[in-house]
Amino acid sequence: MSFTTSKSVYWKGFRDGAPFIMVAAPFGTLFGVFATEAGLNLVQVMTFTATVFAGAAQFTALQLLLDDTPTLIVLLSALAVNLRVAMYSAALTPYLGAAPLWQRAVAAYFTVDQSYALSVVRFETEPDLTVPQRMAYFFGTVTPLAPAWYLATYLGAVLGTRIPDSWALDFALPITFLAMIGPMLRTLPHVIAALVAIVTALLTAGVPFNLGLLIAGTAGMMAGAQAEVMLARRSKNT
């Protein structure tokens, strides 16, 4: 019964993650094209995408390398862009922390925007799921996405500049984040954090080396956390 239940939960995660192929595929293809145009060979492109497995950080690092940015700034910028993954991990730990070490290690690699967003919403709405069921759902969400990302990157690297600009593959990144962020803005602290991060990112757009992203992310997290503290105090006083 447990196996059957976990299996059904896995396929539920698979179905929830499958629609994101529509944006992961063009996003991965765009990275393959971009990396090839930057001078990376096929082995380097695939090694890059397989080891990092984080599209936004990959684009950021590659762009900065093309601009002859100091290596330290490249690393800091990539870490800043991926700083949200540390928050994802902290948010998922109460749900997946009791899983075997090897499962947590694999899950850490596959913790991306889509797997986090889908999983945390599912875990919050279905608190009775067991740890194996939660892990099954998590892996289900990335099963359609990871192969699509690798394959799309490969195709982009192979096809290179033969892909016409009229395909407008760069639409994938903003659509992906809109699709994930929208359902997560369920509380006032979430909305405040998002608005503060957006405004700060716009105000710091001119900061060199994309460091404005780090500033905006930090400001958003601080604003959201402060909003939660204020709401908690207000609820205790009432």
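The values are calculated or read from the model by the stated rules, or taken from the named source; none is laboratory data. Source: prediction; values computed, not measured. Note: ideal-geometry Cβ built from the backbone for every residue, glycine included; neighbour counts use all protein chains shown. Ligands, DNA and RNA are excluded from the accessible area calculation, which covers all protein heavy atoms including side chains. Shrake-Rupley method; radii C 1.70, N 1.55, O 1.52, S 1.80 Å.
If you plug each phi of segment 129-134 into the Karplus form 6.51 cos²θ - 1.76 cosθ + 1.60 with θ = phi - 60°, what whole-Hz ³J(HN,Hα) values come out, in order, with x for Gly and Pro?
Result, ordered by residue: 5, 7, 4, x, 5, 5 Hz.
If I model a spin label as a point 7 Å beyond the Cα along the Cα-Cβ vector, how far apart are those points for residue 90 and residue 71 in nm?
3.0
Tell me, what HN-Hα J-couplings in whole Hz come from the Karplus equation 6.51 cos²θ - 1.76 cosθ + 1.60 at θ = phi - 60° for each residue of segment 72-86, using x for Gly and Pro?
The phi angles translate into 4, 5, 4, 5, 5, 5, 5, 5, 5, 4, 8, 4, 4, 5, 5 Hz.
Relative to the present Cα-Cα distance, how much length would full extension add between residue 222 and residue 121 at 0.36 nm per residue of separation?
Details: separation 101, 0.36 × 101 = 36.36 nm, distance 2.20 nm.
Between residue 222 and residue 121, full extension yields 34.2 nm more.
Put +1 on the Cβ of each Lys and Arg and -1 on the Cβ of each Asp and Glu in the chain; which of 41, 82, 97 then has its Cα farthest toward the positive end of the dipole?
Farthest towards the positive pole: 97.
Using 0.36 nm times the number of residues separating residue 18 and residue 41, minus their current alpha carbon distance, what extension gain do you get? Walk me through the numbers before you get to the answer.
On the way: separation 23, 0.36 × 23 = 8.28 nm, distance 2.95 nm.
Stretched fully, the residue 18-residue 41 segment lengthens by 5.3 nm.
With the radius of gyration and the Kirkwood radius both derived from the Cα set of the chain, what is their ratio Rg to Rh? Don't jump to the answer; show the numbers that get you there.
Values: Rg = 19.1 Å, Rh = 19.3 Å.
Checking Rg against Rh, the ratio lands at 0.99.
Multiply the residue separation of residue 5 and residue 103 by 0.36 nm, subtract the distance between their alpha-carbon atoms, and state the gained length in nm to one decimal. It would help to have the intermediate numbers written out before the result.
Values: separation 98, 0.36 × 98 = 35.28 nm, distance 1.82 nm.
Between residue 5 and residue 103, full extension yields an extra 33.5 nm.
Any idea what the dipole of the chain comes to, in debye rounded to 20, about its Cα centre with Lys/Arg Cβ at +1 and Asp/Glu Cβ at -1?
The dipole magnitude comes to about 760 debye.
Heavy-atom accessible area per residue, the chain, 1.4 Å probe: how many Å²? Numbers along the way, then the final one.
Numbers: 13060 Å² over 238 residues.
It amounts to 55 Å² per residue over the chain.
Roughly what would the spin-label model give for residue 195 and residue 79, points 7 Å off Cα along C-beta, in nm?
Placing both labels 7 Å beyond Cα along the Cβ direction yields 3.3 nm.
Report the one residue of 32, 66, 109 whose Cα lies farthest in the direction of the positive end of the charge dipole of the chain (charges on C-beta: Lys and Arg +1, Asp and Glu -1; origin at the Cα centre).
109
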